[in-house]
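Enquirer: Sharing a structure, written as structure tokens. Questions coming.
The values are calculated or read from the model by the stated rules, or taken from the named source; none is laboratory data. Just so it is clear, the model here is predicted, and its values are computed rather than measured. Every residue, glycine as well, gets a Cβ built from its backbone with ideal geometry; the counts of neighbours run over all protein chains shown.
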Amino acid sequence: MRLQVTELSPGGEGLSSWEGKKVRVLGSLPGEEVEAKVLREDREVVAVAEEILTPSPERVSPLCPLFPRCTGCQLQHLNYSSQLEFKRSKVEQALQVRAERPISCGEWEYRNHARLTAERGEIGFVNKYTEEFIRVDRCLLMAPLINDLLSQLQGRCASTMVSIRAGVRTGEYLVQPELPLPSPATGQPFYHEILLGRRFRISSPSFFQPNTEGAETMIRTLREWIGSAGRVMDAYAGVGTFSALLSDLASEVVAVEESPSAERDARFNLRGLSNVRFIRKKVEEVLPVEGLDVLILDPPRQGCSREVLEAIARAPPRKVVYISCNPWTMGRDLRQLKGFTIERVQPIDLFAQTQHIECMALLTR
């Protein structure tokens, strides 16, 4: 079908229409006329651009031969400066406030974590629209160590899912699950990574930012924003990276996390920091806390629960720093934090070539 693309969706697909239906056109850009092949049709149509008849001036040639077929990247065909503007616009739309230009944290080879599917021993990704399995021998977003491990595992994987995590600063790695192979070693319980000179242990089930440089950028931004703080609460603290690397700025840091795996890592990572206290509970079970100077919120994609937001309102801190990879739930939560002024909104591009964006907001009262 021949389509005229009118805009880019928040998910990074070009949008068009055909026979009264919305069409999402993978690999297309606004202003382009394309020949497209239908991948799926129900209430809306999903298609992939097979020929670009009128290319956009913002178009570049994708480096990956699997783009856009693997669907892991959405924006490889858009020049990187325009990617950053697209993401800033998305954040501003979601938050309904002005955002600063996103900080870049690497365009390629930045990911320290790969989640892969295995089929008949081969490793790859699954197209999210067609469920087609696509073998991947090298992913341009992955750190070199992950691609090295992928090449060793390719064609030999006796599992259905594989997770590869790499310490880009330490050279350590973790492959789960344990596989019946002489090499590489698999089934490690944890690995280590270094952020701003401090070493952290990360176990297999524990969350860690998938872009190491980006994690350091976030911490530097946090340090700038909170300055010399008194009492700080690090809500959804994970393995304790924020708590450890902000402890020198605060009189007291309270780290709150409910995950048992993250708790074990955090207690290990926070050893020797006498002004940091760890609490393994849900955030809504700890808040409200009177007399907080800074509250750091870094919730899962679904955002904060109503109970957390209501507890903040009962004992508001002097500053809130909200961090999220989902600008839509972030915007929803910020609009419910009454009595605060949004001072700064800083997107951080942890996920170049994709539609995803990390965002930090500083709120004061």
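Enquirer: Restricting to the range 251-284, count the residues that are in contact (Cβ under 8 Å) with a residue 40 or more places away in the chain, closer than 14 Å to Thr241 by Cα and in contact with a strand residue (DSSP E or B) (Cβ under 7 Å, 6 or more places away or on another chain).
Expert: The qualifying residues number 5.
Enquirer: Take the residues in the range 96-148 that are assigned to a loop (DSSP other than H, G, I, E, B) and basic (Lys, Arg), then tell me which one is nearest to Thr354 (Cα to Cα).
Expert: Lys128
Enquirer: Scan (1) part of a loop (DSSP other than H, G, I, E, B); (2) among the hydrophobic types (A, V, I, L, M, F, W, C); (3) farther than 24 Å from Glu131 by Cα for the single condition Leu53 breaks and write down its number.
Expert: (1)
Enquirer: Also, I was wondering about something else. Take the range 74-125 and flag every residue that is within 19 Å of the chain's Cα centre (by Cα), without any contact (Cβ under 8 Å) to a residue 40 or more places away in the chain and closer than 28 Å to Ile164 by Cβ.
Expert: Selection gives Glu109 alone.
Enquirer: Specify the residue that is surrounded by the fewest Cβ atoms within 10 Å (Cβ to Cβ); the eligible residues are those in the range 274-287 that are of a type outside the set (S, T, N, Q) and assigned to a loop (DSSP other than H, G, I, E, B).
Expert: Here the residue is Lys281.
Enquirer: Identify, by number, the condition in (1) hydroxyl-bearing (Ser, Thr, Tyr); (2) in contact with a Gly (Cβ under 7 Å, 6 or more places away or on another chain); (3) more than 22 Å from Val91 (Cα to Cα) that Ser16 doesn't meet.
Expert: (2)
Enquirer: If you don't mind, another one. Any residue in the range 38-51 that's more than 17 Å from Gln4 (Cα to Cα): show its pairings with residues that are part of a loop (DSSP other than H, G, I, E, B) at Cβ separation under 6 Å, as long as the two are six or more apart or on different chains.
Expert: Leu39/Tyr129; Leu39/Thr130; Arg40/Tyr129
Enquirer: Also: Does Glu285 satisfy the condition of being out of contact with any Asp or Glu (no Cβ under 7 Å at 6 or more places or on another chain) and among the acidic types (Asp, Glu)?
Expert: Answer is yes for this residue.
Matching residues to (1) in a strand (DSSP E or B); (2) over 19 Å from Arg199 (Cα atoms); (3) more than 23 Å from the chain's Cα centre (by Cα); (4) not assigned by TED's automatic domain parsing to the domain that holds Leu334:
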site	(1), (2), (3), (4)
Glu258	no, yes, no, no
Arg267	no, no, yes, no
Gly272	no, no, yes, no
Val289	no, yes, yes, no
Val308	no, yes, no, no
Ala313	no, yes, yes, no
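Enquirer: Are any residues in the range 187-231 at pLDDT 95 or above and among the polar types (S, T, N, Q), and if so, which ones?
Expert: Passing the criteria: Gln188, Ser203, Ser204, Ser206, Gln209, Asn211, Thr212, Thr217, Thr221.
Enquirer: For the structure I just gave you, tell me whether Lys90 is under 25 Å from Thr329 (Cα atoms) and outside any loop (DSSP other than H, G, I, E, B).
Expert: It is true that Lys90 is under 25 Å from Thr329 (Cα atoms) and outside any loop (DSSP other than H, G, I, E, B).
Enquirer: Hey, another quick one. Within the range 126-135, is even one residue of a type in the set (A, V, I, L, M, F, W, C) and either touching a residue at least 60 places away in the same chain (Cβ under 8 Å) or assigned by TED's automatic domain parsing to the domain that holds Val25 (or both)?
Expert: Yes - at least one qualifying residue is present in the range 126-135.
Enquirer: When the residues of the range 132-177 are narrowed to those that are at pLDDT below 95 and over 15 Å from Gly187 (Cβ atoms), which ends up nearest to the chain's Cα centre (by Cα)?
Expert: My answer is Thr160.
Enquirer: Need at least 3 residues that are small (Gly, Ala, Ser) per element, so show me which strands (runs of 3 or more DSSP E) inside the range 1-49 make the cut, counting only ones lying wholly within it.
Expert: Result: 14-18.
Enquirer: Show me the strands (runs of 3 or more DSSP E) found entirely inside the range 161-205 where at least 3 residues are under 28 Å from Ser243 (Cβ atoms) and hydrophobic (A, V, I, L, M, F, W, C).
Expert: Qualifying strands (runs of 3 or more DSSP E): 190-195.
Enquirer: Residues being surrounded by fewer than 18 Cβ atoms within 10 Å (Cβ to Cβ) and not hydroxyl-bearing (Ser, Thr, Tyr): count how many of those fall in the range 123-139.
Expert: Of the residues in the range 123-139, 9 are surrounded by fewer than 18 Cβ atoms within 10 Å (Cβ to Cβ) and not hydroxyl-bearing (Ser, Thr, Tyr).
Enquirer: If only one of Asn269, Asn275 is touching a Phe, Trp or Tyr at 6+ places or on another chain (Cβ under 6 Å) and among the polar types (S, T, N, Q), which one is it?
Expert: Asn269
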